[in-house]
Structure formats: structure tokens, C-alpha cells
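Peer 1: Pasting a structure below so you can have a look.
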Amino acid sequence: MKIEGLAAIVTGGASGLGGATAAMLAELGAKVAVFDVNDEAGAAHAQAIGGLFAHVNVADEASVASGIAAAEAAHGTARILVNCAGVAPAIKTVGKENVAHPLDAFRRTVEINLIGSFNVISQFAARLAAADPLGEERGVIVNTASVAAFDGQIGQAAYAASKSGVVGMTLPVARDLAQHRIRVVTIAPGIFLTPMLMGLPQAAQDSLGTQVPHPSRLGKPEEYAQMVRTIIENPMLNGETIRLDGAIRMAPR
């Protein structure tokens with residue numbers, strides 16, 4: 001599928017992996033809608049890449065429906081969806097003084113990372129299914145999991161569970177949408193230089209980078225975006241989760 005001229009939606013597109021992906025798609029000629037809850041950063045990034053910003057809470061059905069409708073009104077039916085919206089809390093199952101993991105924090109993580117991803121997928125695909133095919137396919141969905149889905153660390157029970165869910169639904173959703181000629185692929189990034197990591201001291205960033213076998217550094221958001229481009233352009237990539245991690249296998253902590 002050629003990206004130029006297509007309408008695309010990127011959730012969590014204000015910064016980080018989503019921001020780099022939105023910029024890549026716009027540079028290749030796509031009409032990009034940035035979905036995010038950060039109004040200031042989202043609007044600024046959308047303006048910078050010539051796209052549209054919509055305040056969207058991915059875990060809310062009405063919010064997603066409104067965002068998709070706004071994107072479609074501006075750009076036409078979206079053919080590309082990249083799900084990057086997510087949260088990454090660090091809370092142990094049992095904390096200090098034997099305090100149980102707050103259930104609301106676990107629930108919120110699953111609602112945003114897993115339920116939110118599926119919410120956008122289902123609504124996006126329902127609109128796209130009515131569009132005419134472009135050659136042998138109608139469109140592509142790219143989800144973001146994490147190596148934590150396989151190598152969850154201490155304090156990542158909620159995060160790993162949510163990302164494992166994204167991995168687990170990839171194949172069945174791809175099979176569901178095959179009749180509509182919509183592909184579904186998930187990327188599981190390793191340690192990438194996102195806004196959260198950029199807030200750490202340089203020494204801490206370097207230390208994290210040395211954990212990666214090769215290349216021994218933090219991943220660049222542009223490298224995630226490059227994988228998204230490959231998935232969009234290669235029609236045989238479907239129903240799979242791709243680790244993008246420099247061969248890292250995370251230690252317990």
C-alpha cells in the first residue's frame with residue numbers, strides 16, 4: 001500500500017513513538033490525524049506536520065467516535081491506523097508495608113493500553129470496511145505492544161498484562177478483519193528514547209542503552225516509525241507481533 005495521499009490516524013501522536021510516526025506519514029504524503037489527550041502538544045505537532053488534531057480518550061467510545069468522524073470529515077476515510085497511546089505505571093503487586101497494588105491503577109492501565117487499542121481498532125475498521133478496496137486491501141492497523149509483554153519486569157504487572165493482551169488479540173483481530181481486507185500487525189518495542197526516558201539524566205539513559213546487545217543504545221522513535229512504514233508497504237505482513245528491541249531480553253529489574 002502506498003502511503004502518499006492516504007488518510008491516517010495516529011493515537012498518542014503528540015510525541016514519542018506516535019509523534020515520530022505521525023511525522024513520517026505526513027512526510028510521505030499522508031493526511032494525518034493526531035489523536036491525543038495532551039491538547040497543547042497534540043495541536044502543536046499536528047500543525048507542524050500539516051495535520052489535524054483531535055482530543056481523544058482512546059478508552060471512551062464516544063470520544064473515539066467523535067475523533068474518527070472529525071478526521072474523516074477533514075481527510076476522508078482513514079486507511080492507516082497506528083495505535084501508540086498508552087501509559088506505563090511502575091507499581092509492585094505488593095508494595096511497601098504490604099500494601100496491595102491499587103486496583104484502579106491496574107484497571108486504568110488495561111483500559112487505556114488494551115481496551116483503548118481495541119476500541120479504536122473496532123471503530124476504525126467498521127468505517128473502513130464500507131470503503132472501496134485499494135488493490136488487494138482496504139487498509140492497515142499497527143498496534144504498539146512492548147517487550148514487557150514477554151519479559152515483564154518487577155513493578156510491571158499491569159503494564160505487562162495490558163501489552164500481553166495487545167499481542168494476544170493481534171492474530172484473532174487480523175483473522176476477523178481478513179474478510180474486509182484489513183491487515184493487523186503489532187510492534188513490540190524495546191527501550192526507546194521516549195519523553196519519559198528523556199527526562200532521565202544522561203548517565204541513566206546511557207546505562208539503559210548498554211543493556212541492549214546490538215546496537216547498544218536506546219532505540220530512536222524514528223526507527224519505530226520506519227518499522228511502521230515497512231508494515232504498511234509490505235502486504236504479506238499480517239497477524240504478527242514484531243519485536244523491535246536490538247535483541248534485548250529484559251532482566252527482572
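Read-outs throughout are calculated quantities, based only on the coordinates presented, and are distinct from any laboratory measurement. Being a predicted model, the structure only gives us computed values, none of them experimental. Ideal geometry is used to build each Cβ from the backbone, glycine not excepted, and the neighbour counts take in all protein chains shown.
Peer 1: Can you give me the angle between helix 39-49 and the longest principal axis of the chain, using Cα atoms only, in degrees from 0 to 90, rounded to the nearest 10?
Peer 2: Compared with the principal axis, the helix lies near 50 degrees.
Peer 1: Here's another thing I want to ask about it. With contacts defined as alpha carbon pairs under 8 Å and 6 or more residues apart, what's the relative contact order of region 98-160 in percent?
Peer 2: 39 percent
Peer 1: Put a dot 7 Å past each Cα toward the Cβ at Q153 and A203; how far apart are the dots in nm?
Peer 2: So the label points at A203 and Q153 sit 1.8 nm apart.
Peer 1: Counting Lys and Arg as +1 and Asp and Glu as -1, what is the net charge of the other residues whose Cβ lies under 13 Å from the Cβ of F150?
Peer 2: Here the charged neighbours net out to +1.
Peer 1: May I ask you to list the GluC sites (Glu not before Pro) in region 85-168 that are in a DSSP loop and have at most 11 other Cβ atoms within 10 Å of their Cβ?
Peer 2: Qualifying residues, ordered by number: E136.
Peer 1: While we're on this one: Which whole-number percent is the relative contact order of region 199-253 (Cα, under 8 Å, 6+ apart)?
Peer 2: With pairs under 8 Å counted, the relative contact order is 38 percent.
Peer 1: Between helix 116-128 and the chain, what is the angle of the helix's C-alpha long axis to the longest principal axis, kept within 0 to 90° and rounded to the nearest 10?
Peer 2: Helix 116-128 and the main axis of the chain meet at about 10 degrees.
Peer 1: Let's see if you can work this out: charge +1 on each Lys and Arg Cβ, -1 on each Asp and Glu Cβ, no other charges. What is the dipole magnitude of region 1-154 about its Cα centre, in debye to the nearest 20?
Peer 2: Dipole magnitude for region 1-154 comes out near 160 debye.
Peer 1: Once you list every other residue whose beta carbon is under 13 Å from the beta carbon of V64, what net charge do they have if Lys and Arg are +1 and Asp and Glu are -1?
Peer 2: -4
Peer 1: What is the spin-label model distance, in nm, from V99 to K220 if the labels are put 7 Å beyond Cα along the C-beta direction?
Peer 2: That separation, rounded to one decimal, is 4.1 nm.
Peer 1: Treat each spin label as a single point 7 Å out from the Cα along the C-beta direction, and report the A178 to A130 distance in nm.
Peer 2: Taking the simple label geometry, A178 and A130 are separated by 2.6 nm.
Peer 1: Relative contact order for the chain: what is it in percent, counting Cα pairs under 8 Å that are at least 6 residues apart?
Peer 2: Worked out over the chain, it gives 20 percent.
Peer 1: For V87, what is the net charge nearby, where nearby means another residue's Cβ is under 15 Å from its Cβ and Lys, Arg count +1, Asp, Glu -1?
Peer 2: -1
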